[in-house]
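The values are calculated or read from the model by the stated rules, or taken from the named source; none is laboratory data. On a predicted model such as this, the values are computed, not experimentally measured, just so you know. Note that each Cβ is placed from the backbone with ideal geometry, even for glycine, and that neighbours are counted across all protein chains shown.
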Amino acid sequence: MNTQVWLRNIRFAAMLPFVTLLVTMQGVSQAPPAPPTSGSSVAPAAQPPAPSAAPSVVPAAGQRPPMAAIGVPVAGMPLVHDPSTVVRFHGKYYVFATGRGAPFYSSSDTITWTREGSVFDQIPEAVHALVPKNNGTDVWAPDIIRMNNQFYLYYAVSSWGVFQSAIGLATNPVLDPKDPAYKWTDHGVVVTSNGNEDLNAIDPGVILAPDGTLWICYGSYHGSIRITQLDPKTGLALVPNTLGAPIATARESEATDIVFHDGYYYLFVNHGSCCKGKDSTYNIRVGRSRSVTGPYLDRDGKPLADGGGTLFLESDATRIGPGHFGRVIDYDAKPAGSIAPPGGSERFSLHYEADMTRNGRSVLDIRPLSWSADGWPVAGDNPVATAGTH
């Protein structure tokens, strides 16, 4: 068994309790909808009625507490893994995550969060058909961006221990399920890997460049991290069925995201292992380039394609395995898509593989983002930790 397959199998074993709990707590639809065709509406995920108050459940010793019921605000957001970019729209922040049907959450203050449900019950058939070993519901590491008066949600579909994967696209004009305009539309497949390529097409990260071009980076624990240009009108690959250009090694790395700052593109990538709780070795590295397609070099000039990467954030005493960097985007601000609130600083989102102050659970965090005098990102911290996500 090669190293990459071994890593994916370890990830599978470690994530089983997490995925199983998501499936259990979110419930199973009584009758799955017929698979939509590309461009058709995605049948909404089954949403149980929201209770009037949070349930009083005390877990037994050594057990994780259950996820909050849909519609019930709670402090903090345990059991969030592989968070998307956090976006603000119509007065609320939203984040999407790995799990059954792409679960998502909202918050007015980034401290108290409400589970809104999931994007869909069944993965659209055109996407699922490319990954037949997937169970038809599990979605990994989504990312989201707004353009053309729509939110574009990119999500990965794969199966543990193999590299046959696909990234799909669904759009929605709004994100609040209570809004009459709320409706997900399937747009099919964006990029794929067939299991024989130097690629594992998961962990999408999307950037709309200053020149108006749209790009997606992706890859995990196999071969290379790659980048593909997308059509900014459709959100799909500009040249379909073409392997993207390599921009970083994917040996023991994944979860990339690209941001633009002051003339440079910055590629954030996770090194180390995930999904092993307090034993995870996840850490966030970064390199930069004048071109979105690279080459990306770290602060010492080493290419990320050769394993380079300047350390951006690593574990501390209680927060283990930081990963899945995302730049918080405010679509309510003027101009829309601002990266800092009025009078405030930039922020970034991430999750910890294990927050030891939260019983070792995977937790979302939002922290200040600043830049050094020579133009490198610096991870800030929140002055006072709150009970839950902060």
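The lone criterion from (1) closer than 24 Å to residue 258 by Cα; (2) in contact with a helix residue (DSSP H, G or I) (Cβ under 8 Å, 6 or more places away or on another chain) left unmet by residue 172 is number (2).
For the range 246-275, what are the residues that are outside any strand (DSSP E or B) and out of contact with any Asp or Glu (no Cβ under 9 Å at 6 or more places or on another chain)? Before the answer, list the steps.
First, the residues of the range 246-275 that are outside any strand (DSSP E or B): 250-252, 262-263, 272-275.
Scanning the range 246-275 gives 251, 252, 262, 263.
What residue, of 344, 294, 323, is in contact with an Asp or Glu (Cβ under 9 Å, 6 or more places away or on another chain) and not aliphatic (A, V, I, L, M)?
Details: 344 fails: in contact with an Asp or Glu (Cβ under 9 Å, 6 or more places away or on another chain); 294 fails: in contact with an Asp or Glu (Cβ under 9 Å, 6 or more places away or on another chain).
Residue meeting the stated conditions: 323.
Checking the structure you have, find out if any residue of the range 317-330 is in contact with a Lys or Arg (Cβ under 9 Å, 6 or more places away or on another chain), closer than 22 Å to residue 105 by Cβ, of a type in the set (D, E, K, R) and at pLDDT 95 or above. Yes, the range 317-330 has at least one match. Within the range 167-187, the residues that satisfy the criterion of being within 17 Å of the chain's Cα centre (by Cα) and of a type in the set (Gly, Ala, Ser) are 168, 170.
Is there a residue being of a type outside the set (A, V, I, L, M, F, W, C) and surrounded by 23 or more Cβ atoms within 10 Å (Cβ to Cβ) anywhere in the range 170-185? Give the steps one after another, and end with the answer.
Of all residues in the range 170-185, those of a type outside the set (A, V, I, L, M, F, W, C) come to 171-173, 176-180, 182-183, 185.
Now drop any that are not surrounded by 23 or more Cβ atoms within 10 Å (Cβ to Cβ), which leaves none.
Checking the range 170-185: not a single residue is of a type outside the set (A, V, I, L, M, F, W, C) and surrounded by 23 or more Cβ atoms within 10 Å (Cβ to Cβ).
One residue alone among 305, 201 is hydrophobic (A, V, I, L, M, F, W, C), crowded, with 17+ Cβ neighbours inside 10 Å and within 21 Å of residue 162 (Cα to Cα), and that residue is 201. Going through (1) farther than 26 Å from residue 375 by Cβ; (2) outside any strand (DSSP E or B); (3) without any contact (Cβ under 8 Å) to a residue 60 or more places away in the chain; (4) of a type outside the set (D, E, K, R) one by one, residue 210 falls short only on (1).
Apart from one condition, residue 287 fits all of (1) within 19 Å of the chain's Cα centre (by Cα); (2) in a strand (DSSP E or B); the exception is (1).
Is it true that some residue in the range 361-383 is buried (at least 19 other Cβ atoms within 10 Å of the Cβ) and acidic (Asp, Glu)? Checked the range 361-383: at least one residue is buried (at least 19 other Cβ atoms within 10 Å of the Cβ) and acidic (Asp, Glu).
Can you go through 159, 193 and tell me which one is under 22 Å from residue 273 (Cα atoms), outside any strand (DSSP E or B) and of a type in the set (S, T, N, Q)? Quick ask: steps written out before the conclusion?
Details: 193 fails: outside any strand (DSSP E or B).
After applying the criteria, what remains is 159.
Residues in the range 124-147: is at least one within 21 Å of residue 206 (Cβ to Cβ) and of a type in the set (S, T, N, Q)? No, there is no match, as no residue in the range 124-147 is within 21 Å of residue 206 (Cβ to Cβ) and of a type in the set (S, T, N, Q). Among the residues making up the range 308-331, those that are surrounded by 14 or more Cβ atoms within 10 Å (Cβ to Cβ) and assigned to a loop (DSSP other than H, G, I, E, B) are 308, 309, 314, 315, 318, 328, 331. Residues that are out of contact with any Phe, Trp or Tyr (no Cβ under 7 Å at 6 or more places or on another chain) and either small (Gly, Ala, Ser) or over 17 Å from residue 317 (Cα atoms) (or both) within the range 274-290 comprise 275, 277, 280, listed in sequence order.
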